[in-house]
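Novice: Below you will find the structure I want to go over with you.
The values are calculated or read from the model by the stated rules, or taken from the named source; none is laboratory data. Please read all numbers here as calculations on a predicted model, not as lab measurements. When we count neighbours, we look across all protein chains shown, and the Cβ atoms used for this are built from the backbone with ideal geometry, even at glycine.
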Amino acid sequence: MGMAKRITENISWVGKTDWELKMFHGNELSTRRGSSYNAYLLRGASKTVLIDTVWGPYDREFVARLKQEIDLGQIDAVIMQHNESDHSGALVELMRAIPDTPIYCTAKGEAIIRGHYHQDWNFVKVKTGDKLDLGGGESLTFIEAPMLHWPDTMFSYYDGCGGILFSNDGFGQHYASESLFNDEVPEAEMMAEAEKYYANILAPFCPMVTRKVKEILAMNLPIALICPSHGVIWRKDLEKIIEKYILWADAYAENQVTIVYDTMWNSTRLMAEAIARGITSAAHGTAVKLFNAAKEDKNDILTEIFHSRAVIVGSPTINNGYSYAIAGLMEMVRGMKLKKKVGAVFGSYGWSGEAVKQLSALLTEAGITVVDEGIRTLWVPDEAALAACEEYGRGFAGKLQ
Ligand code: FEO
């Protein structure tokens with residue numbers, strides 16, 4: 001998107017769509033469909049506010065485009081809902097032009113902005129329930145949302161235009177689009193990105209998500225639009241994404257088993273495939289998916305694990321341990337704080353064969369209930385070994401019932 005885009009009579013999208021973004025959080029999160037950094041300009045009857053900014057590399061472009069939309073001196077307040085660099089990165093460039101303009105944020109937000117930019121700007125600290133009067137009987141109400149997903153996060157509710165919830169990272173998707181609204185993009189691919197976003201960013205904070213969604217629903221506020229800080233704005237069927245958040249935050253699991261493995265000379269892959277055959281033969285209707293951790297996108301694998309009721313992890317034993325790819329992936333799984341999932345372990349080995357036991361410990365540490373001691377194969381699995389793996393898969397399926 002180049003220029004500002006009109007959302008309502010008095011609200012414009014003034015963010016940046018980043019079609020080129022392929023990795024986010026350094027190298028931690030793949031964003032294969034790009035993303036956007038959504039900023040909003042809200043013109044009330046007597047006050048105009050800017051809600052969030054964009055990532056630093058786009059700061060000059062952002063401020064230049066904002067100047068085309070409004071004389072910056074007419075901005076009465078900057079609302080910083082969350083101050084990770086992708087939203088606060090343009091503050092320095094913006095505040096150079098309007099250094100005395102108040103910045104509304106939480107107490108944690110002020111600390112984070114100061115920690116990032118080392119500037120003594122005009123901070124106005126807000127808490128849940130605080131309002132900013134926009135004139136004409138309308139206001140912006142702040143709702144703290146700590147750990148969704150940073151301690152400084154807050155939402156802002158505008159009571160004009162039928163009610164608009166500015167939700168920052170909440171309900172976001174790393175999804176670049178020239179369209180602004182959810183009803184203007186292919187639903188399946190956008191929802192897949194919404195789930196990937198939740199699994200990779202918000203999953204560790206599920207209890208806070210549940211609390212916050214319930215708190216907002218209990219307010220019985222009219223909400224016509226949910227405007228997140230990434231991806232498209234929710235305009236149609238808002239209940240769908242709200243229901244998904246309630247579902248995703250509560251030990252989410254579809255009827256799927258995800259098998260993740262690494263392999264050096266294909267022995268562990270052959271085991272994975274045999275285990276999958278066994279599960280499929282015994283658990284009709286269960287989706288079984290296999291991923292080589294060294295070859296597949298790690299964040300897509302994490303999303304599949306998040307989506308599953310069970311995860312089976314395999315690695316050959318190498319240097320008395322498990323593989324590099326599995327090690328990295330399992331560290332990420334540990335961080336997701338998954339609930340109520342079951343797991344199992346397997347792997348091939350040549351002499352010492354410690355990996356399977358170690359993988360079991362990793363799964364346990366990640367909060368996944370390991371059903372048994374797993375299965376190992378010495379050297380390359382022969383027909384009997386593969387039959388044993390199939391049988392192991394059937395047994396695992398039985399434990400899913
Ligand atoms: Fe989109 Fe947590 O920043």
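Novice: Does the range 239-247 contain any residue that is assigned to a helix (DSSP H, G or I), farther than 29 Å from GLY367 by Cβ and not assigned by TED's automatic domain parsing to the domain that holds GLY393?
Specialist: yes
Novice: Next question. Scan the range 76-91 and tell me whether some residue there is assigned by TED's automatic domain parsing to the domain that holds TYR197, among the acidic types (Asp, Glu) and within 29 Å of ALA188 (Cα to Cα).
Specialist: Yes, there is a match, as at least one residue in the range 76-91 is assigned by TED's automatic domain parsing to the domain that holds TYR197, among the acidic types (Asp, Glu) and within 29 Å of ALA188 (Cα to Cα).
For every residue, the table says whether it meets (1) within 16 Å of the ligand (Cβ to nearest atom); (2) over 19 Å from ASP159 (Cα atoms); (3) at pLDDT below 95.
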| residue | (1), (2), (3) |
| --- | --- |
| PHE181 | no, yes, no |
| PRO186 | no, yes, no |
| THR210 | no, yes, no |
| ILE216 | no, no, no |
| VAL232 | yes, yes, no |
| LYS240 | no, yes, no |
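Novice: Scan the range 1-54 residue by residue and report those that are farther than 30 Å from GLY328 by Cβ, hydroxyl-bearing (Ser, Thr, Tyr), within 16 Å of the ligand (Cβ to nearest atom) and assigned to a loop (DSSP other than H, G, I, E, B).
Specialist: THR53, the sole residue that qualifies.
Novice: Same structure, new question: So the check is Cβ under 6 Å with 6+ separation or different chains; which pairs have a first residue in the range 250-268 that's exposed (fewer than 15 other Cβ atoms within 10 Å of the Cβ) and a second one that's of a type in the set (A, V, I, L, M, F, W, C) and not in a loop (DSSP other than H, G, I, E, B)?
Specialist: none
Novice: Of all residues being of a type in the set (Asp, Glu) and more than 26 Å from TYR157 (Cβ to Cβ) in the range 26-77, which is surrounded by the most Cβ atoms within 10 Å (Cβ to Cβ)? Just the residue, please.
Specialist: ASP59
Novice: Looking at the range 148-166, which of the residues that are in a loop (DSSP other than H, G, I, E, B) and more than 12 Å from the ligand (Cβ to nearest atom) is nearest to the chain's Cα centre (by Cα)? I'd like the intermediate steps shown before the answer.
Specialist: Within the range 148-166, the first condition is being in a loop (DSSP other than H, G, I, E, B), and the residues that meet it are 148-153, 159-163.
Those left that are additionally more than 12 Å from the ligand (Cβ to nearest atom): 159-163.
Details: ASP159: 27, GLY160: 29, CYS161: 28, GLY162: 28, GLY163: 25 Å.
It comes out as GLY163.
Novice: How many of the residues in the range 129-175 are closer than 17 Å to ILE233 by Cα, of a type in the set (Gly, Ala, Ser) and either surrounded by 22 or more Cβ atoms within 10 Å (Cβ to Cβ) or not assigned by TED's automatic domain parsing to the domain that holds VAL78 (or both)?
Specialist: The qualifying residues number 4.
Novice: Could you check the range 204-226 and list, in sequence order, the residues that are of a type in the set (A, V, I, L, M) and not in a helix (DSSP H, G or I)?
Specialist: Applying the first criterion (of a type in the set (A, V, I, L, M)) to the range 204-226 yields 208-209, 213, 216-219, 221, 223-226.
MET219, LEU221, ILE223, ALA224, LEU225, ILE226, listed by residue number.
Novice: OK, next. Tell me, which helices (runs of 4 or more DSSP H) lie completely within the range 72-130 with 2 or more residues that are within 15 Å of the ligand (Cβ to nearest atom)?
Specialist: Here the list reads 85-88, 107-117.
Novice: To continue, here is another question. For residues that are among the aliphatic types (A, V, I, L, M) and either buried (at least 23 other Cβ atoms within 10 Å of the Cβ) or under 17 Å from the mean Cα position of the chain (by Cα) (or both), tally how many sit in the range 294-329.
Specialist: Just the residues of the range 294-329 that are among the aliphatic types (A, V, I, L, M), to begin with: 294, 301-302, 305, 310-313, 318, 325-327, 329.
When the remaining residues are screened for being either buried (at least 23 other Cβ atoms within 10 Å of the Cβ) or under 17 Å from the mean Cα position of the chain (by Cα) (or both), the result is 301-302, 305, 310-313, 326, 329.
Here the count works out to 9.
Novice: Among the listed residues LEU359, LEU338, which satisfies the condition of being under 11 Å from ILE312 (Cα atoms), modelled with pLDDT of 95 or more and within 30 Å of the chain's Cα centre (by Cα)?
Specialist: LEU359
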